[in-house]
Amino acid sequence: MMLPVQATFRNMDASEAVAARVQEEADKLDKYFRRITSCRVIVGAPHRHHRHGDPFHIRIELEVPGKELVVTHEPNLKREEQGEWHKRLAVGGPHQDVYVAIRDGFKAMRRQLRDYVRCLRHEVKTHHPAPHAKVSKLFPKEGYGFIENLEGREIYFHKNSVANSAFEHLDVGDEVFFSEEAGDKGPQAIAIRRAGKHHPAGVP
């Protein structure tokens, strides 16, 4: 990462080894997004840290353009899970479990960061219905056509923008769903699919 991680320890002694693991996990985030401006990590034990069996808490705050991503990893062990915790404590000691908490916290942060990046790239599908239109003009040899939306506006589309490679099965007057984006020569329709029943690829 461009900036070092700010690691804070609460209710426990600071540990260079734990801080190094935090930095190591944070460095991996740079592979998903290179415009992270800051990363703050809080590693802490519960207030009653003298009680054996309490899990570690991890809070990760990541600053990215226009947003702050936050992960709070606070395991809430059920009574039947306490026995397993004591086994881990006996085998690897408390530091083994703080590393597990750090790993799991950063795993959750990577998921958030990937979702953020998808949003930036407009890859997240919305739940809004796709605009509705009909095919108004077709130029099969040239491989393009026009659709007319409900407002009477004609929008260009290329054959590669038709789902399932079904351009050759389109006819003037067919109703379609589509998305719209800005092209080199103005608005153009993309992700075009015929309204009605779904057909296998290449079948009208």
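Taking the stated definitions as given, is D97 buried (at least 16 other Cβ atoms within 10 Å of the Cβ), of a type in the set (D, E), modelled with pLDDT of 80 or more and in a helix (DSSP H, G or I)? Spelling it out, D97 is indeed buried (at least 16 other Cβ atoms within 10 Å of the Cβ), of a type in the set (D, E), modelled with pLDDT of 80 or more and in a helix (DSSP H, G or I). Among residues of the stretch 30-53 that are farther than 22 Å from A20 by Cβ, those with a Cβ under 6 angstrom from a residue that is at pLDDT below 85 and aromatic (F, W, Y), sequence gap 6+ or separate chain, pair up as G53/W85. Going through (1) surrounded by 12 or more Cβ atoms within 10 Å (Cβ to Cβ); (2) at pLDDT 85 or above; (3) among the small types (G, A, S) one by one, G173 falls short only on (1). Residue count for the stretch 1-33 satisfying the condition of being touching a helix residue (DSSP H, G or I) at 6+ places or on another chain (Cβ under 9 Å) and hydrophobic (A, V, I, L, M, F, W, C): 11. On the given criteria, is A26 of a type in the set (G, A, S), in the same structural domain as E63 (by TED's automatic domain parsing) and in a loop (DSSP other than H, G, I, E, B)? No; evaluated as a whole, the condition is false for this residue. Kindly indicate whether any position in the stretch 51-58 is aliphatic (A, V, I, L, M), modelled with pLDDT under 90 and outside any helix (DSSP H, G or I). Within the stretch 51-58 (the criterion being aliphatic (A, V, I, L, M), modelled with pLDDT under 90 and outside any helix (DSSP H, G or I)), the answer is no, since none of the residues qualifies.
The values are calculated or read from the model by the stated rules, or taken from the named source; none is laboratory data. Given the structure is predicted, the values throughout are model-derived calculations rather than measurements. Every residue, glycine among them, receives a Cβ derived from its backbone with ideal geometry; neighbour counts consider all protein chains shown.
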